[in-house]
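K.L.:
Structure below; questions to follow.
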Amino acid sequence: MEMQPVLEMDAPDEDFALWPTGSFEPYGFLVLDGRLTPRDVGSALWRIAGANEDAPEDDSEDGGPEAFLHGLLTAEYLVAPGGFRVTDGATGAVFAPGCCNGLEEWREWLDVTDGSGEGWFGHDPYAAAQRVGGTVRLTADTEVAHSPVIEVPVAELRRLLAGAEQDLRDFVRLTGGWAARRFPEHAPAVTAALTRALALEPSP
């Protein structure tokens, strides 16, 4: 069983030239962890910053990374489209986040394991989780008959969640180093913003 934090990507922006990015199909996923290439790190930062884009009120930062990163660095509420994807290696079943789900909401999984026992993770597909006794049932699409279902013991799901959270931390640390080489004056703020966007506790 594998759980991965994934960022929902968009079509590549051919006009974007602030830093190198990769090429992704619309609505595809990029796994976030500490093993990304520099180009994939740039793609992830482009996607997250773009999802929070908010131009500065004046034009003093026009055209540079400061202007593009402005929303990410200043918005009170940040989003990161995507979520946690679960793959059952034994059956090949995949539970993926749907539209309008975000990594900023990943802690709702903790409500599944230790709270209400239910969680919804987007639409098209309508991904849902339900705790039944000591097992959590992950239904890939509740709107489809005979949808793939993955069953995970609660204790195993807690372990998977801890691993996925560590992957997010590793991604933030990797991106912080990348930013320090690209625009060192903004690297601490980028790291702090990503920590908030991914619903992580600040590192001590």
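K.L.:
Expressed in nm to one decimal, what extension gain is obtained for the pair L110 and Y77 from 0.36 nm per residue of sequence separation less their Cα-Cα distance?
P.N.:
Roughly 9.8 nm would be gained on extension.
K.L.:
On the principal axes of its Cα set, how long, how wide and how thick is the range 136-199? Give whole Å, largest value first.
P.N.:
Result for the range 136-199: principal-axis Cα extents of 52, 26, 16 Å.
K.L.:
Sticking with this structure for a sec: Could you tell me what percent of the accessible area of the chain is made up of carbon and sulfur, with a 1.4 Å probe and every protein chain present?
P.N.:
The nonpolar share, carbon plus sulfur, comes to 50 percent.
K.L.:
Compute the separation of the alpha-carbon centres of the range 105-136 and the range 86-104 and state it in Å as a whole number.
P.N.:
Here the two parts' Cα centres lie 12 Å apart.
K.L.:
As a test of reading the structure, rank M1, M9 by solvent-accessible area (1.4 Å probe, protein chains only), most first.
P.N.:
Accessible-area ranking of M1, M9, largest first: M1, M9.
K.L.:
To the nearest 20 Debye, how big is the dipole of the chain about its Cα centre, given +1 on the beta carbon of each Lys and Arg and -1 on that of each Asp and Glu?
P.N.:
1020
K.L.:
Okay, moving on. Given a 1.4 Å probe and heavy atoms of the protein chains only, how would you sort S116, S23, largest accessible area at the top?
P.N.:
Most to least solvent-accessible, the answer reads S23, S116.
K.L.:
Check G102: other-chain or 5+ apart residues with amide H under 5 Å from its amide H, H built from backbone geometry?
P.N.:
Amide H neighbours of G102: G82.
K.L.:
For G117, what residues show an amide H to amide H distance below 5 Å, using hydrogens built from the backbone and excluding near sequence neighbours?
P.N.:
Under 5 Å from the amide H of G117: V112.
K.L.:
For the charge dipole of the range 1-48, defined by +1 on Lys and Arg C-beta atoms and -1 on Asp and Glu C-beta atoms about the Cα centroid, which residue among T37, F24, M9 has the Cα displaced farthest towards the positive pole?
P.N.:
Selected residue: T37.
K.L.:
Still on this structure, I have one more. Using a probe radius of 1.4 Å on heavy atoms only, what accessible surface per residue do you get for the chain? Whole Å² is fine.
P.N.:
Solvent-accessible surface per residue comes out at 50 Å².
K.L.:
What fraction, in whole percent, of alpha-carbon pairs in the range 115-173 exceed 16 Å separation?
P.N.:
53
K.L.:
Let me ask something additional. Using all C-alpha to C-alpha distances in the range 68-162, build P(r) with 10 Å bins and read off the rounded percent in each one.
P.N.:
With a bin width of 10 Å, the distribution comes to 16, 46, 26, 10, 2.
K.L.:
Explain nothing, just compute: Karplus ³J(HN,Hα) = 6.51 cos²θ - 1.76 cosθ + 1.60, θ = phi - 60°, for every residue of the range 25-34 in order, whole Hz, x for Gly and Pro.
P.N.:
6, x, 6, x, 10, 10, 6, 9, 7, x
The values are calculated or read from the model by the stated rules, or taken from the named source; none is laboratory data. Bear in mind the structure is a predicted one, so any value in this text is a computation, not a measurement. Please note: Cβ atoms are built from the backbone with ideal geometry, for glycine as well, and neighbour counts cover all protein chains shown. Ligands, DNA and RNA are excluded from the accessible area calculation, which covers all protein heavy atoms including side chains. Shrake-Rupley method; radii C 1.70, N 1.55, O 1.52, S 1.80 Å.
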